[in-house]
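Here the structure is laid out as structure tokens; the discussion comes afterwards.
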């Protein structure tokens, strides 16, 4: 099986799945609808385009750094309404997608040369590192790729203090957690999501290799 890996790193991320107008929530890790939306932006797909091929990819998320929940207040003066918007601060995620090799290769190229700007859940959440990983296309099953890829952090002391890390992956047969974030349509006023099931496990910390998260390798920069 083939797996595509990408990184989600930013000062703020927000992966809402149950948002109402006055309360905009965030999950503790990237939602499938959010990641599929990011891939659509990279490909240049319109909101009305089908997302069936992307939604069928099996997704997993390794939590390299748990973010802290922040709440922000927004006031709409005309309507005198206060909304509560939640974000994840300083989180790092490694996202894996397993499926058709040709589709994953197309997505890998699209992440490197994105058609539209990419954001992590909301347009205000701009990545601090490109989601694209040079060695992100891997000929390994999803869980193996997520277990073995080097840690995305840069601080050796932080790495050494990690005992284990959380890994959330899709399992529609045995999964005991439910998320309503399997995208069917992103069309305006016709957004539709189905539920999916996931499992959470804890894995040993991966190896420390700061270059693993760099968008370009030395060879691509012409350095020998």
GNM result for the chain, Cα springs below 10 Å: residue of 178, 93, 119 fluctuating most strongly: 178
Using the Cα atoms of the stretch 87-137, I'd like the radius of gyration and the largest Cα-Cα distance, Dmax, both in angstrom. 12.1, 34
Which of the following values of volume of the Cα convex hull per residue in Å³ was calculated from the structure shown: (i) 124; (ii) 238; (iii) 139? (iii)
By how many nm would the segment from residue 81 to residue 25 lengthen if fully extended, with 0.36 nm per residue of separation less the alpha-carbon distance? 18.5 nm
Range of Cα positions in the stretch 112-173 per principal axis (Å), largest first: 37, 36, 23
Helix 32-43 axis, angle to the chain major axis (alpha carbon atoms, nearest 10°): 70 degrees
Report the FRET efficiency, 1/(1 + (r/R0)^6), for residue 105 and residue 178, where r is their Cβ-Cβ distance and R0 is 25 Å, rounded to 0.05. 0.20
Once you put a point 7 Å from the Cα of residue 209 and another 7 Å from the Cα of residue 126, both along the Cβ direction, what distance in nm separates them? 3.1 nm
The stretch 109-224, relative contact order [Cα under 8 Å, separation at least 6], %: 30 percent
To the nearest 0.05, the calculated FRET efficiency linking residue 194 and residue 134 through their beta-carbon distance, R0 being 35 Å, is 0.55
If you average the sequence gap of Cα pairs under 8 Å that are 6 or more apart and divide by the length of the chain, what percent do you get for the contact order? 29 percent
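None of the figures in this text is laboratory data; all of them are computed from the coordinates on show. What you are looking at is a predicted structure, and each value in this text was computed from that prediction instead of being measured. Here the Cβ is made from the backbone with ideal geometry for all residues, glycine too, and neighbour counts use every protein chain on show.
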